[in-house]
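A short write-up of the structure that comes next.
The values are calculated or read from the model by the stated rules, or taken from the named source; none is laboratory data. All values derive from a computational prediction rather than experimental measurement. Methodologically, a virtual Cβ is constructed for each residue, glycine included, from the backbone with ideal geometry; neighbour enumeration extends over all protein chains shown. Surface accessibility is based on the protein's heavy atoms, side chains included, excluding ligands, DNA and RNA. Shrake-Rupley method; radii C 1.70, N 1.55, O 1.52, S 1.80 Å.
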Amino acid sequence: MTTKASTVPAYAAPAAGAPLQRTTIPRRAVGEHDVLIDVRFAGICHSDIHQARDGWGKGIYPMVPGHEITGVVAEVGSGVTRFAPGDRVGVGCLVDSCRTCDNCEAGLEQYCTGGSVATYNALDKNGEPTYGGYSTRIVVDERFTVRIPDGLALDRAAPLLCAGITLYSPLRHWKAGPGKKVAIVGLGGLGHMGVKIAHALGAEVTVLSQTLRKKDDGLRLGAAAYHATSDEATFEALAGTFDLIVSTVSAPLRFGRYLGMLRTDGALVNVGAPEEPVSLNLFSLIGDRRTLAGSCIGGLPETQEMLDFCAEHGLGAEIEVISADRVNEAYERVLASDVRYRFVIDTSTI
Ligand code: NAP
Ligand code: ZN
Ligand code: ZN
């Protein structure tokens, strides 16, 4: 209530596919239930790249990506009860939702049926565009703000706000744990958190990567086995093996081949969001009563649960911290699967 609307520096894509460049953006005044956050770190998710290049369509420009945000509370509105200045906090993919539908009431805001608001590339309830974490400050309702537990560094915690929760949620929902064989497809930002979390949950983890280039890392992160999907023999050798496969691949996948690696009643859960549709021979599903499913990030209560779980198990992301002027180069490296395993922008360099 005290701070007026402000203008803050940010990195934005001025148009679809244009390189990101430094600019300034408006931030609203701190409302009754808002927290003003000094952003310290912003992870680079592959979704930022899909959207900055308008791969999913309907992009709103200029676009300030970034939905893996950590920082410190600078100020709170008069009605804020859960946060105070100085608190270490995070913001993920959502900054608002209808708050009244069944899913919102159940803490599944990511499946809000009344209209959720994404952290960027969306319009808020006043019709104003939302701008993400590649900026120095953000104003967010406290309901969409989570606490970063002590013991989690803000830089390594940032990718948990999307990559962490996007894997934690399906791994919990499909009951990854002791006695379960889980495969993670793609060892990138999401995938490497999937390996860490599934291992911490007690599952036996296998990485299915395009090549064996990152095998040492995969085993160090907690995988018991690592196979190359460029080798067709992998699919034959692992036929009927897994209870759960989670695909994090950003490009269309030959799902039929991967379904064949599931046991009877196994599930292949896709979290990758490719820009093109895929086709599927349905015989790969009916033969062994298999399930093909999807999963989208996680709601606010589960995001806090995931952060607490990661703090308890000492799990942060493997990161490469970069200055903001290297964001376009980082995008190219993510597209080339040359990331180990998340780029994180130090927002003090904006
Ligand atoms: P990323 O860091 O680029 O990781 C994706 C990995 O997939 C790559 O590292 C690579 O791993 C593998 N891969 C890439 N191209 C491939 C291809 N053509 N064939 C087979 N494997 C390929 O991306 P990310 O940030 O983890 O995001 C992954 C996807 O999830 C993106 O589409 C993103 O938009 C989506 N996403 C969805 C949600 C959700 O809620 N469902 C949330 C966040 C992101 P290897 O080198 O090991 O093969
Ligand atoms: Zn993301
Ligand atoms: Zn709702």
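General observations
- Boolean, Val205 is part of a helix (DSSP H, G or I), free of Cβ contacts under 8 Å to residues at least 40 places away in the same chain and of a type in the set (A, V, I, L, M): no
- Condition met for Thr130 (away from ligand 1 (no atom under 15 Å from the Cβ), β-branched (Val, Ile, Thr) and modelled with pLDDT of 95 or more): yes
- Test: residue in segment 122-136 that is of a type in the set (Lys, Arg), surrounded by fewer than 21 Cβ atoms within 10 Å (Cβ to Cβ), more than 16 Å from ligand 2 (Cβ to nearest atom) and in a loop (DSSP other than H, G, I, E, B): yes
- For segment 294-322, the candidate set comprises residues that are acidic (Asp, Glu) and farther than 21 Å from Ser250 by Cβ; within that set, the residue that is farthest from the chain's Cα centre (by Cα) is Glu312.
- Only one of the listed residues (Val95, Val91, Val80) is more than 18 Å from Gly164 (Cα to Cα) and either among the hydrophobic types (A, V, I, L, M, F, W, C) or within 16 Å of ligand 3 (Cβ to nearest atom) (or both). That residue is Val80.
- Test: Arg143 is touching a His at 6+ places or on another chain (Cβ under 8 Å) and either in a strand (DSSP E or B) or surrounded by fewer than 20 Cβ atoms within 10 Å (Cβ to Cβ) (or both): yes
- In segment 235-250, the residue that is farthest from the chain's Cα centre (by Cα) out of those that are under 15 Å from Ala176 (Cβ atoms) and open to solvent by 10 Å² or more (accessible area, probe 1.4 Å) is Thr241.
- Only one of the numbered conditions (1) without any contact (Cβ under 8 Å) to a residue 60 or more places away in the chain; (2) within 16 Å of ligand 3 (Cβ to nearest atom) is not met by Leu282, and that is (2).
- Hits in segment 323-350 (condition: under 19 Å from the mean Cα position of the chain (by Cα) and without any contact (Cβ under 8 Å) to a residue 40 or more places away in the chain): Glu332, Arg333, Ala336, Asp338
- Test: residue in segment 21-28 that is open to solvent by 20 Å² or more (accessible area, probe 1.4 Å), free of Cβ contacts under 8 Å to residues at least 12 places away in the same chain and part of a strand (DSSP E or B): yes
- The residue that is nearest to ligand 2 (Cβ to nearest atom), among those in segment 329-348 that are surrounded by fewer than 15 Cβ atoms within 10 Å (Cβ to Cβ) and not charged (D, E, K, R), is Leu335.
- Odd one out for Cys104, checked against (1) out of contact with any His (no Cβ under 6 Å at 6 or more places or on another chain); (2) within 16 Å of ligand 3 (Cβ to nearest atom); (3) under 21 Å from Arg156 (Cα atoms); (4) of a type outside the set (Asp, Glu): (3)
- Leading residue by the ranking (farthest from Thr349 (Cα to Cα)) among those in segment 33-53 that are more than 13 Å from ligand 1 (Cβ to nearest atom) and either open to solvent by 10 Å² or more (accessible area, probe 1.4 Å) or touching a Gly at 6+ places or on another chain (Cβ under 7 Å) (or both): His33
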